[in-house]
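For reference, the structure discussed in these notes is given below.
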Amino acid sequence: MGLVAVLFFIGVSISFGIVDISMQTVVETFLEFDGSREQLIIYTTRLPRALIAAAVGGCLAVAGAMTQALTRNPLAAPDLLGINHGAALMVVLSLFLVGGQNLTLYAWAAFIGAGAVSILVFLLGSVGRTGMTPLKLTLAGVSVTTLLSASTQSILIFHERSLDEMRFWLAGSVVGRDLELLIRVLPFMIAGLLLAFLLSREVDTLQFGDDVAKSLGQRTTLVRTLAFTAVVLLSGSSVAVAGPIGFVGLAVPHLVRSAVGKDHRWIFAYSAVAGAALLLLADVAARFILDNQELPVGVMTAIIGAPFFIYLARRRVHKL
């Protein structure tokens, strides 16, 4: 039912916009292409946008679920590990050094930045006799994120052209992306999803603590390393395509966990479906907030996610 809902939302995303297209025309486009204006809009703009939104939403949600499991922090998200900020810094640097509006350059710069920063956070979180722990990983992520954010803002302040040209990317958007860009990062997305699903049982065991996991014969450092790799692949590829989109990785795993329980086999599967549906709906809603102008989908998810984050934080305080 969830997959059917995602397909329906893809149809809705293709149909609604500044130029409304009937669902009948959408169906006819895939059955018999006649080169009409509406069908060209679907193939060149609406379909790539919908597929990218679904892929990015699903990957961010699974990355968020894995991050919360790794840090044992229900308020954690991929942002906590510095992935978004590492990607943003590399994109700003590439624009500053090379210049030009090149989405492919932005995508690879973002992916390299996300991967490099994630490795740095992983190494910092593993320093010491106890190895990598959820607390050390969280502290390393927060520290590196603060440094990267300050560096990015410094470049943008002293280089106004970068600020003007980077606004659309830093807000998080699926507008103007084509399928070629998605296809280039799709292998990384698939690898990250497969790795997350294969590690679901081991991640369940980690939730009981390192001592219990080790007593059951689990190699906790290896499992965390592979799980961290999955987060890097999922988040890095998503940020490379759509920019830093927040709150999907935070909100979706919470909603899924309340519905399916604590088994990460189901958490990851349902997070992928729910994340795709949420970002598709957010993208459609972003088209109708302002007259004749679209909000970046990252702004829309922030509008939806900020109240949800406040609710989670208040509930956690009351439990303590």
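The values are calculated or read from the model by the stated rules, or taken from the named source; none is laboratory data. It should be emphasised that the depicted structure is a prediction, and the values quoted were computed from it without experimental measurement. Here the Cβ positions follow ideal geometry from the backbone for every residue, glycine too, while neighbour counts run over all protein chains shown. Note: areas computed on protein heavy atoms with side chains; ligands, DNA, RNA excluded. Shrake-Rupley method; radii C 1.70, N 1.55, O 1.52, S 1.80 Å.
Counting only protein heavy atoms and a 1.4 Å probe, the chain has 48 square angstrom of accessible area per residue.
Across the chain, Cα pairs under 8 Å and at least six residues apart give a relative contact order of 29 percent. Each Lys or Arg adds one and each Asp or Glu takes one away; over the other residues whose Cβ falls under 15 Å from the Cβ of Ile267, this sums to +2. Between Leu216 and Val260, the contour length at 0.36 nm per residue exceeds the Cα-Cα span by 13.3 nm. Contact order for region 40-120, expressed relative to its length and based on alpha carbon pairs under 8 Å spaced 6+ residues apart, stands at 26 percent.
Shape analysis of region 15-66 based on the Cα gyration tensor places the equivalent ellipsoid semi-axes at 28, 10, 9 Å, largest first. Quick check on region 55-145: take the gyration tensor over C-alpha atoms, sort the square-rooted eigenvalues as a ≥ b ≥ c, and tell me if it's rounded (a/c under 1.5), prolate or oblate. It comes out oblate by the Cα gyration axes. Among Val203, Val174, Val26, the residue with the largest mean-square fluctuation in a Gaussian network model of the chain, with springs joining Cα atoms closer than 10 Å, is Val26.
In the chain, carbon and sulfur make up what percent of the accessible area (probe 1.4 Å)? List each step's numbers first, then the result.
On the way: 10300 of 15250 Å².
Percent of accessible area from carbon and sulfur atoms in the chain: 68.
Counted residue by residue at 0.36 nm each, then reduced by the alpha carbon distance between them, the extension gain from Leu105 to Phe158 reaches 16.9 nm.
Given a Förster radius of 22 Å and the C-beta distance between Ile183 and Leu31 as r, what FRET efficiency does 1/(1 + (r/R0)^6) yield to the nearest 0.05?
With R0 = 22 Å, the Cβ-Cβ based efficiency is 0.40.
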